[in-house]
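Novice: Could you have a look at this structure, given as structure tokens, before my questions?
Just so it is clear, none of the values below were taken in a lab; they were calculated from the coordinates. Predicted model only: the values in this text are computed from it and were never measured. When we count neighbours, we look across all protein chains shown, and the Cβ atoms used for this are built from the backbone with ideal geometry, even at glycine.
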Amino acid sequence: MRASKYHINTLKEAPSEAEVASHQLMTRAGMIRKVAGGIYTYMPMGLKVLRKIENIVRQEMDAAGAIEMLMPVVQPAELWMESGRWEQYGPELLRIKDRHGRDFVLQPTSEEVVTDIVRNEIHSWRQLPRNFYHIQTKFRDERRPRFGLMRGREFTMKDAYSFDRDEASAQASYDAMYAAYTSIFQRLGLEFRAVAADTGSIGGSRSHEFQVIADTGEDLIVYNPDTQYAANIELADAPCLIERRAEPSQELQKKATPEAPKCELVAEQLGVPLDRTVKSIVLAAEDPDAPGQSRIWLLLVRGDHELNEIKVGKLPGLDQGYRFATEDEIRAAFGCAPGYLGPVKTAQPVHVVADGTVANMSDFICGANEEGFHLTGVNWGRDLAEPAVADLRNVVDGDPDPRGGRLAIQRGIEVGHIFFLGDKYSKALDATYLDTDGKPAMLQMGCYGIGISRISAAAIEQNHDDKGIIWPRAIAPFEVVVCPMGWGKSETVRNSAETLYAQLLEQGVDVILDDRDARPGVMFADWELIGVPLRVTIGERGLNEGIVELQQRSTGQTEKIPADTALSCVLERLKSLA
């Protein structure tokens with residue numbers, strides 16, 4: 001490819017709404033252009049990156065035995081109604097009508113369509129297992145699309161769906177996809193972790209996220225540096241930090257804490273460590289004994305800990321849905337405004353659940369259910385009834401790992417997610433096959449997604465500097481750029497550049513020749529911004545000395561190499577980047 005025949009349009013400044021590096025740099029490098037909120041055109045340079053990602057994904061999926069197909073972007077509402085997700089999915093599901101008034105959706109995912117296909121195409125155990133995948137445009141009507149391709153409304157994903165006879169074979173399919181995903185992200189050249197994860201709205205009973213490690217990631221990953229353990233913070237077990245509850249050593253006292261509605265302010269006023277305080281969170285859920293009425297729950301975590309809402313949503317009694325209580329409900333139950341609440345002598349009965357660490361605390365501090373006051377020296381059993389106990393909190397950096405060692409936390413960007421679904425969708429859509437005994441049985445499913453367009457953004461979040469993007473070789477728009485100095489003035493430079501360019505093409509290298517005759521500073525700035533892994537600079541002075549310059553984008557190091565062996569030097573350096 002010659003730069004004069006290609007579309008290169010870099011910008012000095014990023015748009016004001018671009019908050020993260022990938023959005024800023026992809027826009028400045030001319031890889032994407034905004035059409036509407038969360039909707040982008042992939043310009044030629046950006047599309048090249050996407051296609052390279054797609055090719056790696058496609059090769060590994062094919063190698064794992066998956067079969068490619070292509071399902072539609074527009075899907076009939078009837079299938080979503082049949083699965084129950086027409087109402088369950090929420091406002092992110094964009095619902096549309098055709099000219100006849102029939103309901104359709106712009107698909108955010110394809111479980112319904114693929115299950116419908118399989119229930120009509122797969123009839124016998126002899127046809128199993130099967131794994132179908134496609135790479136397709138998705139649409140999710142995000143309330144606040146932001147961060148460019150990181151959280152857009154329209155995006156490109158690879159979806160795969162496995163169908164098996166029983167759970168054992170379905171788990172084998174899941175393991176095959178886990179291995180394929182590991183190979184994919186290794187080939188992409190990205191630092192990543194596979195972490196145990198919550199199944200979320202997709203459902204199922206087993207799930208792993210593939211997270212690209214980046215300081216700007218929205219997800220928190222809990223891991224043990226000494227073992228293979230890793231989990232999303234939503235799922236990571238938080239250990240009890242107090243092995244055994246101590247005997248009470250303080251009397252229960254009510255102390256004035258004016259204008260201290262938060263644990264941090266209480267600890268400061270009373271001159272105690274924050275971990276001596278207990279935080280109260282009030283929830284409401286439907287009362288199973290009184291349909292239509294709410295039951296009030298009081299959840300307790302230590303003052304320096306945060307509530308984990310995913311864990312809360314799995315507690316019996318809250319697993320069918322809950323909400324944060326209103327101020328009126330709080331006043332009715334506790335006789336007090338929020339900020340000074342606690343489990344001792346509430347105005348009405350509430351269901352108390354304490355995090356494991358709180359359950360082993362003694363002489364702790366909590367709200368007195370009276371505005372401006374807290375209780376000190378509170379003890380379970382003596383001052384209030386023993387609570388129900390559950391893991392309610394997020395892990396924090398340095399927590400002990402029950403398996404040994406200490407837990408650490410790092411940020412990541414979710415770019416892949418695999419689920420074991422079981423019969424969640426096959427049962428809803430009555431997708432059965434005839435087993436060896438001639439009787440119908442439910443298909444067991446798994447689903448496996450990779451965010452193609454999000455990977456391009458995540459790669460930049462992980463690999464960039466103040467000059468621009470640093471692409472891994474496997475997904476760079478070009479592997480090598482040849483930069484001749486004085487293209488329009490020196491025939492010697494032109495001939496040398498043309499020769500090296502042709503030689504690299506013959507070797508199958510994805511190379512671009514910058515024949516725009518631009519000033520060196522402009523040329524170098526463009527390619528550093530775009531992030532091509534290797535740059536070869538050819539100038540007349542260097543040629544007179546028998547050398548050209550080779551620069552590696554990731555390190556910024558420049559070396560002088562013999563002009564007559566430039567091809568072999570470039571090929572050798574490319575191998576080191578693989």
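Novice: Filter the cross-link list Lys279/Lys345; Lys158/Lys311; Lys34/Lys97 down to pairs whose alpha-carbon distance in this structure exceeds 20 Å. Before the final figure, lay out the partial values.
Specialist: On the way: Lys279/Lys345 16 Å; Lys158/Lys311 29 Å; Lys34/Lys97 26 Å.
As for pairs spanning more than 20 Å Cα to Cα, those are Lys158/Lys311; Lys34/Lys97.
Novice: Go ahead and estimate [θ] at 222 nm for the chain from helices alone: -39,500 (n - 2.57) per DSSP H run with n ≥ 4, summed, over the residue count, rounded to 500. Mind showing how you got there, number by number?
Specialist: On the way: 16 runs with 156 residues, N = 578.
After summing the helix terms and dividing by the residues of the chain, the value is -8000 deg cm²/dmol.
Novice: Sorting check: for 79-87, 272-280, 471-479, which peptide has the highest mean count of neighbouring beta carbons within 10 Å, and how do the rest follow? Present the calculation step by step, with values, prior to reporting the outcome.
Specialist: Numbers: 79-87: 17.1, 272-280: 19.0, 471-479: 22.1.
The packing order, highest mean first, is 471-479, 272-280, 79-87.
Novice: How large is the dipole of segment 417-477 about the Cα centre if only Lys and Arg carry +1 and Asp and Glu carry -1, each at its Cβ, rounded to the nearest 20 debye?
Specialist: Values: 6 positive and 7 negative charges, 20 e Å.
The calculated dipole for segment 417-477 is roughly 100 debye.
Novice: For a distance above 19 Å, tell me the whole-number percent of Cα pairs in segment 1-127 that qualify.
Specialist: More than 19 Å apart: 68 percent of the Cα pairs in segment 1-127.
Novice: Name the residue farthest towards the positive end of the dipole of segment 478-577 from the options Ser554, Ile512, Leu574, assuming +1 on Cβ of Lys and Arg, -1 on Cβ of Asp and Glu, about the Cα centre.
Specialist: Ser554
Novice: Once you compute Rg and the Kirkwood Rh from C-alpha atoms, what is the Rg to Rh ratio for segment 89-132?
Specialist: Working: Rg = 14.7 Å, Rh = 12.9 Å.
Reported Rg/Rh (Cα atoms, Kirkwood Rh): 1.14.
Novice: So what's Rg/Rh here for segment 253-390, counting alpha carbon atoms and using the Kirkwood radius for Rh?
Specialist: 0.95
Novice: Also, quick follow-up: Kirkwood hydrodynamic radius, computed over distinct alpha-carbon pairs, for segment 478-577: how many Å, to one decimal?
Specialist: 13.2
Novice: Considering the Cα positions of segment 170-272, please state its Rg to one decimal place and its Dmax as a whole number of Å.
Specialist: So, for segment 170-272, Rg and Dmax equal 21.7, 63 Å respectively.
Novice: For segment 40-90, I need the span (max minus min coordinate) of the C-alpha atoms along each principal axis, in Å, sorted largest to smallest.
Specialist: Sorted from largest, the Cα extents of segment 40-90 read 38, 33, 16 Å.
Novice: Could you sort 50-56, 283-289 so that the peptide with the highest average Cβ count within 10 Å comes first and the rest follow in order?
Specialist: Working: 50-56: 18.6, 283-289: 15.6.
Result, highest mean Cβ count within 10 Å first: 50-56, 283-289.
Novice: List, largest first, the extents of the alpha carbons of segment 501-552 along their principal axes, each in whole Å.
Specialist: Projected onto the principal axes, the Cα atoms of segment 501-552 cover 29, 26, 21 Å.
Novice: Of Ala359, Ala66, Gly339, which is farthest along the charge dipole of the chain in the positive direction, counting Lys and Arg as +1 and Asp and Glu as -1 at C-beta?
Specialist: Ala66
Novice: Where does each of Leu434, Leu529 land when they are ranked from fewest to most other beta-carbon atoms within 10 angstrom?
Specialist: Leu434, Leu529
Novice: If you don't mind, another one. If Rh is defined by the Kirkwood formula over all Cα pairs and Rg also comes from Cα, what ratio Rg/Rh do you get for the chain? Kindly include the intermediate steps, with their values, before the conclusion.
Specialist: Details: Rg = 29.5 Å, Rh = 27.7 Å.
Ratio of gyration radius to Kirkwood radius: 1.06.
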